[in-house]
Amino acid sequence: MRPYLALGLGIGAVSFAAILIRKAEAPSLVIAAYRLTLASLVLAPFALVRARGEFSRFSRREWGFSAAAGAFLALHFATWVTSLQFTSVASSVALVTTAPMWVALASFALWGQRPRRVTTLGIALAVIGSALIGGGSFALGGDAWVGDALALAGAWAGAGYFMLGRSLRARASLLAYIAPVYTVAALLLIALALAARQPLGGYPPTTYLLFAALAFGPQLLGHSSFNYALKFLSATFVTVVILGEPVGSSLLAVFLLNEIPPPIVVAGGLLVLAGIALVARGEPTARQPAAP
């Protein structure tokens with residue numbers, strides 16, 4: 001039950017991300033950069049002490065995979081956040097939430113893992129539900145295609161991040177995996193923020209506190225819980241469960257922001273939960289670490 005409990009804990013933690021981001025008075029790339037940078041700084045001393053032996057045994061290929069996973073994580077944040085400047089929320093959400101589909105296709109192509117029918121149906125329901133939660137109409141015309149392309153790139157980057165994580169977690173501890181991955185992602189996001197001329201300083205003190213909350217909650221507790229589960233569960237299942245984040249965020253918004261979701265959002269949330277339940281039925285029992 002530990003991997004499933006970890007996923008539940010992770011969803012609870014990342015559901016606070018939207019609330020914290022909304023209150024932070026800073027550009028999106030800066031928020032993502034601080035989120036990963038602070039998380040990396042917290043992990044660094046523990047990783048140098050407790051994972052030093054593992055690091056010394058890492059092959060060049062494993063270091064390369066860790067760097068690639070960090071790059072995919074940074075690209076996921078950067079492309080998805082930037083897509084919202086060009087296209088509608090509905091279009092962005094509908095495209096970025098196709099990550100489970102790409103993971104399932106890649107798992108079949110690379111490892112011969114054919115998804116069960118119940119898993120395929122569950123993925124479809126969860127993706128449709130997530131698109132409904134985005135609400136609104138698909139953006140058409142103008143530069144909307146740029147935003148749609150960026151959102152799709154965000155889905156591909158998220159899929160690559162979890163695919164590499166599944167492979168590395170089969171032979172590396174959680175700390176030895178997330179420390180270098182978060183560090184690479186942080187450095188890339190800082191570079192992207194600077195390239196976009198978004199200042200890294202000069203924000204209100206409360207905003208820096210929100211940066212810290214994002215690092216400790218959604219990143220260290222949330223994403224790390226997902227990476228823990230990757231050792232025991234398929235990347236397809238983990239990515240589908242992560243679609244529960246907007247459901248949790250909507251529930252939190254009711255109590256913290258007094259925002260009552262419209263019926264279409266409620267319907268989307270129910271579809272996401274139904275999809276997660278179906279994919280869980282198609283998931284093998286989590287007893288042994290997943291094969292690379």
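So here's what we get for this one:
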read-out	value
Single unsatisfied condition, LEU152 versus (1) over 20 Å from GLU62 (Cα atoms); (2) open to solvent by less than 30 Å² (accessible area, probe 1.4 Å)	(2)
Any chance PHE255 is in contact (Cβ under 8 Å) with a residue 12 or more places away in the chain and not small (Gly, Ala, Ser)	no
Cβ-Cβ under 6 Å pairs, at least 6 apart or on other chains, segment 182-211 side within 22 Å of LEU43 (Cα to Cα), far side open to solvent by 50 Å² or more (accessible area, probe 1.4 Å)	THR207/GLU25; LEU210/LYS23; PHE211/TYR34
Condition check for THR183: hydroxyl-bearing (Ser, Thr, Tyr) and open to solvent by less than 40 Å² (accessible area, probe 1.4 Å)	no
Only one of SER107, SER137 that is open to solvent by less than 10 Å² (accessible area, probe 1.4 Å) and either at pLDDT below 80 or under 19 Å from LEU233 (Cβ atoms) (or both)	SER107
Evaluation of LEU9 against (1) surrounded by fewer than 19 Cβ atoms within 10 Å (Cβ to Cβ); (2) of a type in the set (A, V, I, L, M, F, W, C); (3) farther than 20 Å from ALA229 by Cα (one fails), failing number	(3)
Residue in segment 230-244 that is at pLDDT 75 or above, open to solvent by 40 Å² or more (accessible area, probe 1.4 Å) and not acidic (Asp, Glu) present	yes
Of residues in segment 191-238 being hydroxyl-bearing (Ser, Thr, Tyr) and not in a helix (DSSP H, G or I), the one farthest from ALA106 (Cα to Cα)	TYR203
Breaking point among (1) in a helix (DSSP H, G or I); (2) crowded, with 20+ Cβ neighbours inside 10 Å; (3) among the hydroxyl-bearing types (Ser, Thr, Tyr), for THR87	(1)
Residue satisfying all of: in segment 12-58; open to solvent by less than 50 Å² (accessible area, probe 1.4 Å) and among the hydroxyl-bearing types (Ser, Thr, Tyr); nearest to THR206 (Cα to Cα) among these	THR37
Flag for GLY275 being open to solvent by less than 20 Å² (accessible area, probe 1.4 Å) and either at pLDDT below 80 or of a type in the set (D, E, K, R) (or both)	no
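Residues are listed down the side, and each one gets a yes or a no for (1) surrounded by 21 or more Cβ atoms within 10 Å (Cβ to Cβ); (2) among the basic types (Lys, Arg); (3) assigned to a helix (DSSP H, G or I); (4) at pLDDT below 80:
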{"position": "SER92", "(1), (2), (3), (4)": "yes, no, yes, yes"}
{"position": "GLY122", "(1), (2), (3), (4)": "yes, no, yes, no"}
{"position": "VAL146", "(1), (2), (3), (4)": "no, no, yes, no"}
{"position": "GLY165", "(1), (2), (3), (4)": "yes, no, yes, no"}
{"position": "LEU168", "(1), (2), (3), (4)": "yes, no, yes, no"}
{"position": "LEU189", "(1), (2), (3), (4)": "yes, no, yes, no"}
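The values are calculated or read from the model by the stated rules, or taken from the named source; none is laboratory data. Computed from a predicted model, the values in this text were never measured in an experiment. We place every Cβ from the backbone using ideal geometry, glycine too, and count neighbours over all the protein chains shown. Remember, those area values only see protein heavy atoms, side chains included, never the ligands or the DNA or RNA. Shrake-Rupley method; radii C 1.70, N 1.55, O 1.52, S 1.80 Å.
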